[in-house]
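Structure first, then comments.
The values are calculated or read from the model by the stated rules, or taken from the named source; none is laboratory data. These numbers come from a predicted model, not from an experiment. Virtual Cβ from ideal backbone geometry, glycine too; neighbours counted across all protein chains shown. All accessible areas refer to the heavy atoms of the entire protein, side chains included, with ligands and DNA or RNA removed. Shrake-Rupley method; radii C 1.70, N 1.55, O 1.52, S 1.80 Å.
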Amino acid sequence: MRVLFAAFVALLAGAITASACDRGMIAPTPVEPVPASVWRDNARFSFLLGRDYDSPDVRMELISRFRTIPHFAELRGGAANWPADYRAMQALTQDIQRDASISNRLNQLCEAIDRAALGGAPLDEQEWTAELRGITLRLDQLIGQASGVGPRLTQYADVLSATSEHYARAGFRPIDFADIGPDPAAVSVALDSLRGRWHALQADLEFARKSLPAGPALDEATIEGLALAGASFRLVTAEAQGLGANFLPAQEFEALASGSYLYDACKVAESGSIQLRNRFQPENALTLQGDKTVVAQPEGDRDRSCWTLHRQENGYWTIANAASGGKVLEVANLPAAAFSPTPDGRGWGAAHVAALALLSVAFRRVFPPFQRHAGRGAVA
């Protein structure tokens, strides 16, 4: 009878320890994916706020507004760092998903301890310890990657939260005929959510690391630690999948983060000619008269009011006059009236000579069209 009771106790102990190992194999609840729109808006926002242009007077509208708000320098620094942080986040989530087998490896270590503790197959301590060491080193590497992004992401989210509140209170006039960039408040909310997700992932990585046992002790504490580590890393894998489900293709992200996406919204052939006309006084156009430019009705040589556009970079253009052998339109030669918006926001836009829309934006305070670049003017 005593033998049967001892056998029952052994079986019961085996069931308890086996279930402890199995806890590390329970699949966590799927994590909701980050929408692709969040990554797009953050990429556009980083381009519009993170660039340091030659002159404050020709910056794009969004950065022109934010530069009047406290902590602008910190905001611009965070926006400028975003492309690098985005790539680091993408790299870590991909690495974690490639290392998803860590949970299974921890379960195997747990079961090896369980079998040896119950008098089953003896434990190969050298092999077991080498496997645990490999997992430990890998978790340390992943934690290092996560901690490299965390502080910058926190600082950026905090400063954007504060400056977006200032932005909302500033009462900037709405611009209904142009897209000056993503809504700062919406970007702030999304970035704060990303910050929370990232900190959760980092905390779960650290918990998995701290749960690992120091060595192959044949006891419940070792089994419990391995099960907790396995379960925690499964959660980390789910979190990485949620973060990385909708990362943008590299080409799309680079286009948004560099500003080259602006060319997609400006369908103009570089070999063609355009006229720069007032949207509300279409009879007037920017015209070359000698070495000066004036805003008037084109007369005489029509080519003097025709301009060709050539791409530079970051969404800007070089503008040259068709009648002057390619004379480049300089910022200093532009009549102020052409680019100073009226109180009701009616500025200058550009229209194709065939009356096709070229830009649905106002000059200067929307997408400032002329930017000094290597001695040349440019249009956005």
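Looking across segment 202-228, the residues that are part of a helix (DSSP H, G or I) and without any contact (Cβ under 8 Å) to a residue 60 or more places away in the chain come down to Q202, A203, D204, F207, K210, S211, A221, G225. Among the numbered conditions (1) open to solvent by less than 50 Å² (accessible area, probe 1.4 Å); (2) at pLDDT below 80; (3) farther than 22 Å from E313 by Cα, the only one that F72 does not meet is (2).
Considering the conditions (1) within 23 Å of F72 (Cβ to Cβ); (2) open to solvent by less than 60 Å² (accessible area, probe 1.4 Å); (3) among the aliphatic types (A, V, I, L, M), A238 is excluded by exactly one of them, (1). Here T129 clears all of (1) in contact with an Asp or Glu (Cβ under 9 Å, 6 or more places away or on another chain); (2) at pLDDT 95 or above except the condition numbered (1). For first residues located in segment 267-285 and outside any loop (DSSP other than H, G, I, E, B), partners that are at pLDDT below 70 and open to solvent by less than 50 Å² (accessible area, probe 1.4 Å) and lie 6+ apart or on another chain with Cβ distances below 7 Å form the pairs I274/V268; I274/A350; I274/L358; Q275/A351; R277/A351; N278/W348. Report, by residue number, each residue of segment 229-257 that is assigned to a loop (DSSP other than H, G, I, E, B) and touching an Asp or Glu at 6+ places or on another chain (Cβ under 6 Å). Across segment 229-257, there are no qualifying residues.
For segment 62-92, a tally of residues being in contact (Cβ under 8 Å) with a residue 60 or more places away in the chain and part of a loop (DSSP other than H, G, I, E, B) returns 4. Scanning segment 94-110 for residues that are surrounded by 20 or more Cβ atoms within 10 Å (Cβ to Cβ) and β-branched (V, I, T) turns up at least one hit.
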